[in-house]
Structure formats: structure tokens, C-alpha cells
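Here is the structure we will look at, set down as C-alpha cells.
Nothing in this text is a laboratory measurement; each read-out follows from the coordinates by a stated rule. Please read all numbers here as calculations on a predicted model, not as lab measurements. Here the Cβ is made from the backbone with ideal geometry for all residues, glycine too, and neighbour counts use every protein chain on show.
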């Protein structure tokens, strides 16, 4: 991880990479005009130097995803391209990822704060639920929430626990930003493949034809906006309830 100061609301600017020869990789970055100068280098290595390339790539992309999701760091990396890992390998990689977060603390105080935020978000598990086989949870409230941003509009209700059900008829952003969580991207792809979304008359928007359940307000807002958002702030109480809709 190459780290440099940044202006604005971000703790620092970072580039995440992987290399078998760290020194050669740093020299390449130093010579390339594509990348700005960095002031700190944090290197996390495996103990036996036997990590496979696909596992290393998974960890690199996992760190990029977590940093973007924290919304505390300006990440220079862009596209996420997770490799397919066997479940056993993914379990090992996820354990390594958690250990790597602990190692960010000694880099500097702001890195420790970012690592703590990521760990907290991981525990809350705010990614979308792709397991449709579990059935639809019982609606716990008739209160409707409304989302309006960038031309899109959606309504949602609380389902089981903190989960949200985005209701059919919502207009959502067509394109996915690189900050959108991977599982949310996959959900959108599945909806497209199933014909559960259609293009609106307004450019850049889609209309949702079915209800979609997500784990949290943040996950629901990300799904609608096509990017990482502050979902708890974007959902507002609508001026009508589910009972009003049934009466109509």
C-alpha cells in the first residue's frame, strides 16, 4: 500500500498493489508518471512466501473494496476483478485479510482509524442478500421510505430486522460506479439477466419490475444509486403509509 496525504475529507490517498519483488515494483512506480509520489509504504507479506497468485489478487481486490467502502480514503485503484476461489481458499484469504487490518494500525494513527472503521463495517455485514431460497421476510412496518437522488426515485419498507425491501416501480441508476459493492453489482446483473429491470424513457435510469430485499438501508441505497452511499441519510419518511396504499 502506497500512502500519501490528501486534501478534503479523506484521511489519506492510497494505492493498493501486489508484487513478488516489492523493490522492483516500487522502482517501477517511481519511474512511471501515471502515479503521484507517495510518502509511506506499507508492505504485508505471507509468512512462508508461498501465496498463490489468485489468492494474492483476491486479497488485493478485497482491500481495495474495503477501503472504498469505508469512504475515508481516496483510493487510486479503480476496477475490481475478483478471481474465483475455492471456498477453502477464500476462508484462508479472509483470515489473512482480517490479520492485515490489524497490521495497518502501526503505520500511522489515521490508518488505524480506517482499519477500525473497516472492521466495524465488516461486522455489520451491510452487503446485499443474494440468497433467494430463504424466502421473503415478514414486513415489520407499514412505514414507507422514499429515496430521491440523481433523477432516480424509489420506495422501500423495513422487512426482517434492519433489512429493507425496495418496492417494484423504483427507478434506479443504470450504470454501476466502481465503489458499488461486488455483491450488489452481481444482484443487478442477475436482475438484468432475468428481465426484472427495463430501461426508462429518461436516459441512464432503469425501472425495477419486482420487489428486492437487501440487508440494510445502506445496501438498499447503494443498489438504487449504483454506487456507495450514506444510505441512512438518503432514505426519508414518505408522506403516506403502506395502509394508505392498500386503501387506494
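For the ranges 167-176, 58-67, 98-107, what's the packing order if you count other beta-carbon atoms within 10 Å of each residue, average per peptide, and put the highest first? Don't jump to the answer; show the numbers that get you there.
Values: 167-176: 17.4, 58-67: 21.6, 98-107: 14.7.
The densest-packed peptide leads the list: 58-67, 167-176, 98-107.
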Just grab the label-to-label distance for residue 178 and residue 233, each label 7 Å out from Cα along the Cβ direction, in nm (one decimal). 2.3
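Using 0.36 nm per residue, how much length does the chain from residue 168 to residue 45 gain when fully extended, once their Cα-Cα distance is taken away?
Numbers: separation 123, 0.36 × 123 = 44.28 nm, distance 4.70 nm.
Computed gain between residue 168 and residue 45 is 39.6 nm.
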With N residues in the range 2-124, Rg(alpha-carbon) / (2.2 N^0.38 Å) equals 1.05
Please give the contour-minus-distance gain from residue 150 to residue 30: 0.36 nm per residue of separation, less the Cα-Cα distance, rounded to one decimal in nm. 39.3 nm
Gain upon complete extension [residue 54, residue 210; 0.36 nm per residue less C-alpha separation]: 52.5 nm
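Where a ≥ b ≥ c are the square roots of the eigenvalues of the C-alpha gyration tensor, would you call the range 51-109 rounded, which needs a/c under 1.5, or, failing that, prolate if a/b is larger than b/c, or oblate?
Details: a/c = 2.38, a/b = 1.36, b/c = 1.75.
In terms of gyration-tensor shape, oblate.
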Would any residue of the range 50-93 have its amide N under 14 Å from a label point 7 Å out along Cα→Cβ of residue 6? List them or say none. 64-79
